[in-house]
Amino acid sequence: AADGLPALAVGIGLERGTGVAGLVGSQKLKEFTFVGGTGNVAARVQDLTQVHSADIIVTQTLGDSLDPRFQLRALPDSVVKGIEKPVAIYAVDGFDEDGKPS
């Protein structure tokens, strides 16, 4: 910002669940990948970071298991491709390092 460059922004979508992880590819080119519904939902939630101007968005499935010191802000339930029901999502606005849940 001091050099007049645009601000750096990230978009991270997180979901909790099961899937299959491993190396795929050939002898010359291998890639680590994760497949399954959990990864698909996380990718769709990542797309919502631009819609809601949030760097990190988590689903309720993950949010329910987070340390209560994470500051979550409820966002409108969202329809994501491949999922029948709208998904409850939360923006991660911070973390209370003092140990007091917000």
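A few notes on this one:
- Share of carbon and sulfur in the accessible area of the stretch 1-44 stands at 59%, probe radius 1.4 Å.
- Accessible surface, per residue, of the chain when the full set of protein chains is kept, probe 1.4 Å, Å²: 73
- Proximal aspartates and glutamates to Lys85, defined as alpha-carbon separation beneath 12 angstrom and excluding residues fewer than eight positions away on the same chain: Asp77
- By average C-beta atoms within 10 angstrom, highest first, the peptides 85-98, 49-62, 18-31: 49-62, 85-98, 18-31
- Helix axis angle, 37-51 relative to the chain longest principal axis, alpha carbon, degrees: 40
- Taking the DSSP bridge list for the chain and keeping only pairs wholly inside it, about 85 percent are antiparallel.
- GNM remark for the chain: springs join alpha carbons under 10 Å apart, and the peak mean-square fluctuation among Arg73, Arg16, Arg44 falls on Arg73.
- Put a plus charge on the Cβ of each Lys and Arg, a minus charge on the Cβ of each Asp and Glu, and nothing anywhere else: the dipole of the chain about its Cα centre is then about 440 debye.
- Among [x] 26, 20, 16; [y] 38, 28, 10; [z] 26, 13, 12, the entry derived from the coordinates for semi-axes √(5λ) of the Cα gyration tensor in Å: [x]
- For Ala54, neighbours were defined as the other residues whose beta-carbon sits under 10 Å from its Cβ, and their charges (Lys and Arg +1, Asp and Glu -1) total -1.
The values are calculated or read from the model by the stated rules, or taken from the named source; none is laboratory data. Every value quoted in this text rests on a predicted model; they were computed, and no experiment measured them. Glycine gets a Cβ as well: all are built from the backbone with ideal geometry, and neighbour counts include every protein chain shown. Areas reflect the complete protein model, heavy atoms only, side chains present, ligands, DNA and RNA absent. Shrake-Rupley method; radii C 1.70, N 1.55, O 1.52, S 1.80 Å.
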